[in-house]
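See below for the structure under consideration.
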Amino acid sequence: MKTTRRACLLAGLLAFGAFGQRGPAKPAKLVEVVRAAQHENVRESYGLWANECVTDLDLADFTRSGKAARIADELSRAKAFLDAVSELKALDQGAREAVYAEARKPLRPTWEQQGRRPNRDGQTEAGQREEILIAAEVVKRAQQTLARPK
């Protein structure tokens, strides 16, 4: 009985922030920057026709034009990106790597991963690849910015 009571008390303290954190952890600023860039730059997919989704041809154009690098270049001058890099400076290497890993994830799962027909919650494989390319470039810029001597 005492063990159950202690477990409930500990769960309550954690849920209400008695140990310095209130509610769920806030995502790192870099993750927010990446998600916004993915959302802004990768077309939503909702159907099977070429005008309704990101196709392999769209991905080829995206890759050939170096769009992910251009997006990262533009972001690297933005205040939100610079704030994210400042936040990363305060973290130890392990925590920083965890943020990088989270930031590299795609915005949406593929329709195949969902096991569902085309829908607005998912993405084509080509669209997800664009999201991953954007994330990789932005994380690379953040790492380069951190590595620069002042």
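Quick note: the coordinates plus some simple rules give every number you see, no bench work behind them. As the structure is a prediction and not an experimental result, all values here were calculated from the model. Cβ: placed from backbone, ideal geometry, glycine included. Neighbour counts: every protein chain shown.
What nm distance separates the two modelled labels at LYS140 and ASP61, each placed 7 Å from Cα along Cα→Cβ?
2.3 nm
Taking 19 Å as the cut-off for C-alpha to C-alpha distance, list the pairs among LYS79/LYS105; LYS29/LYS67; LYS29/LYS140 that go past it.
LYS79/LYS105; LYS29/LYS67
GLU74: net charge of surrounding residues, Cβ under 15 Å, Lys/Arg +1, Asp/Glu -1, itself excluded?
Charge balance in the 15 Å sphere: +3.
Determine the sum of side-chain charges near HIS39: Lys and Arg each +1, Asp and Glu each -1, restricted to other residues whose C-beta is under 10 angstrom from that of HIS39.
Details: positive: ARG35, ARG108; negative: GLU40, GLU44, GLU131.
Net charge in that neighbourhood comes out at -1.
Given H placed on each backbone N at 1.01 Å, which residues far from THR110 in sequence or on other chains put an amide H within less than 5 Å of it?
Sorted by chain and number, the residues that satisfy this are GLN123.
Taking θ = phi - 60°, what integer Hz values does the Karplus form 6.51 cos²θ - 1.76 cosθ + 1.60 yield along segment 85-97, in sequence order, with x for Gly and Pro?
Calculated HN-Hα couplings, in order: 5, 4, 4, 5, 4, 7, 8, 6, 4, x, 5, 4, 4 Hz.
Between ALA78 and GLU112, what is the FRET efficiency for a Förster distance of 41 Å, r being their Cβ-Cβ separation, to the nearest 0.05?
0.75
Quick one: Karplus J couplings for segment 43-54, per residue in order, coefficients 6.51, -1.76, 1.60, θ = phi - 60°, nearest Hz, x for Gly and Pro?
Working through the residues one at a time gives 4, 5, 10, 9, x, 8, 6, 4, 7, 10, 7, 7 Hz.
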